[in-house]
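Structure record follows, encoded as structure tokens.
The values are calculated or read from the model by the stated rules, or taken from the named source; none is laboratory data. Worth saying up front: this structure is predicted, and the values here are computed from it rather than measured. Positions of Cβ are backbone-derived with ideal geometry, glycine not excepted, and every protein chain shown enters the neighbour counts. Side chains included, ligands, DNA and RNA excluded: accessible areas come from the protein's heavy atoms. Shrake-Rupley method; radii C 1.70, N 1.55, O 1.52, S 1.80 Å.
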Amino acid sequence: MADVPPPDLRNDHRNPTGLHVPGLLDDRVVLPGDARYEGARLVANAAIDRRPAAIVLARSVEDIVATVRFAGDRGIRLAVRAGGHSAVGYGVADDAIVLDVSRLDDIGIDAASGTVWVGAGATAGALTAAVHPGGYAVPFGDWGEVGIAGITLGGGVGWLVRRFGMTIDSLLAVELVTAAGERLMASAAEHPDLFWAVRGGGGNFGVATRFRFQLRAVDTVLAGDVIVRATPEVLANLVGVLAGAPDGLTVMPSIMAAPPMPELPEDWHGRLVVFLSFCHSGPIGDDERVVDLLRSLGESRQVAIGRKPYPAMFPEPSGTREAFASGTLFVDELDDAAIRIIERRMASPSSPEALVHLRVLGGAYARVANDATAFAHRDRRAMVWLITPFADAADAPRHEAWTADFEAELRAAGCGSGAYSNFLGRDGPTELRAAYPPATLARLGELKARYDPGNLFRSNLNILPTP
Ligand SMILES: Cc1cc2nc3c(=O)[nH]c(=O)nc-3n(C[C@H](O)[C@H](O)[C@H](O)COP(=O)(O)OP(=O)(O)OC[C@H]3O[C@@H](n4cnc5c(N)ncnc54)[C@H](O)[C@@H]3O)c2cc1C
């Protein structure tokens, strides 16, 4: 971490919004009017357009402590941001201080213990690239620009989920700055209650400054897409077949209208297909068998299948922001009702790019008890993530309503329940109860009362303190 003195946050200056904000006018504090402000307030979802009072570009843990104390003492809203990829836009709020930790991105690999310490500002792609030369990986998601902080605190489901479990199943320790401005370590040995809470409870309990992960041996993987026609039979078999595959195979099926790809027969174009995007990190000797399994689901075409280094699973950053609406629930299969709803909704989507994305679970994910961490959906066989990308951010309400109605219809028909906090497209008490079963939520509320009684950390799926 950078060894520089923290900003003098006692010395208030008034910014153009009239709010007291961090006073040291050095390059760590970006105020409205600063040439950097318009860029610094942006988050990944282009539908989010908010104007914070100030953005603190923290360079050290001391900067974080000072900012937390400053916001806490004055009752100013605080939004903590790492990779900025929250779909709801938790990393920025109107009139708040945004505490941006993305510069705390040091990575320290300890090959002897097979572990890595990483600053909370690193991205999943950067850490994946850094540990790969040693033959290692940490299981994150499918997107390199996502911050390790947000994905880990929410749980983390990605290409290695069936082989090594969720991101939190490789988490050994996390250092936090609490609402009181104190630094403490949470692990199985230190503050184990807090360690339970941060594995799924999000940013409710403090600002994470660094994480320690167990490294997993992963070198090359077989990956690509098998595309099958989305007939009712294929959809009905999808979850059951893939959840029973060898643990080394993780598949992320996306149900969507077939684009006019040369690999696909012309009469498939525009009709519903399933992209079976997969990653096989198991033995090379099983490669052929897993592709055969995917092809057995229905009439299929293959695209770009081959062995590649694991970091190639993360697309290169495009440099562009995209607006998207999002919805989430868990299912154990796609039953007849779900198939009918998906077929009807996808026949007239609010955006031609809409997709029903699934994460088929099982394997190592399922070998952890529901109450072992604050993420309590280990017994579910698949996650559904409704993703509706759209071009014009001004159209957000229409796409958000379409996506929310789609999700609500699936829930009302009994097709699924629950929610993965990291895939939520909106929040409130209903979403909170979907993300956390009653016993989990009760325990989280008690821990919130202990570690953040004043609810300073509330720009997240907010857990209220329950003394
Ligand atoms: C394109 C895309 C692909 C994705 N793919 C996956 C995937 O494959 N698997 C998966 O599990 N998820 C995935 N996600 C969801 C992603 O994990 C969550 O949105 C996650 O919260 C993003 O983390 P972030 O640090 O980038 O976001 P941010 O918006 O910076 O933060 C998200 C939340 O974490 C809190 N937070 C951030 N940093 C800290 C910190 N240092 N201390 C305390 N709290 C903090 C924030 O306050 C906020 O509440 C994806 C999201 C997108 C947009």
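Odds and ends about this structure:
- Ordered from largest to smallest accessible area (heavy atoms of protein chains, 1.4 Å probe), the residues Met166, Met261 come out as Met261, Met166.
- Under the criterion of Cα pairs below 8 Å and six or more residues apart, the relative contact order for region 13-100 equals 31 percent.
- Local electrostatic count, Gly150, Cβ distance below 15 Å [Lys/Arg +1, Asp/Glu -1]: -2
- The overall shape of region 220-426 is rounded: from the C-alpha gyration tensor, with semi-axes ordered a ≥ b ≥ c, the ratio a/c is less than 1.5.
- Surface composition of the chain: carbon plus sulfur atoms contribute 53% of the solvent-accessible area (1.4 Å probe, protein chains only, all chains present).
- Computed with a 1.4 Å probe over protein heavy atoms only, the accessible surface of region 13-100 comes to 36 Å² per residue.
- Evaluated at q = 0.17, 0.19 Å⁻¹, the base-10 log of the normalised Debye intensity for region 36-195, with identical point scatterers placed on the Cα atoms, takes the values -1.08, -1.29.
- If you model the chain as an ellipsoid using its alpha carbon gyration tensor, with each semi-axis the square root of five times an eigenvalue, the axes come out at 37, 25, 21 Å, biggest first.
- Peptide ranges 399-412, 50-63, 343-356 listed from the most packed, as the mean C-beta count within 10 angstrom indicates: 50-63, 399-412, 343-356
- Hydrodynamic radius (Kirkwood) for region 119-274, which is based on Cα pairs only, to one decimal in Å: 17.7
- Only DSSP H runs of four or more residues enter the estimate; each adds -39500 (n - 2.57), and after division by the residues of the chain the mean residue ellipticity at 222 nm equals -7000 deg cm²/dmol.
- Residue-normalised accessible area of region 220-426, given per residue in Å² at a 1.4 Å probe: 41
- Take 276-286, 424-434 and order them by the average number of nearby Cβ atoms within 10 Å per residue, most first; the result is 276-286, 424-434.
- Summary value for region 386-467: 21 percent relative contact order, contacts being C-alpha pairs under 8 angstrom separated by 6+ residues.
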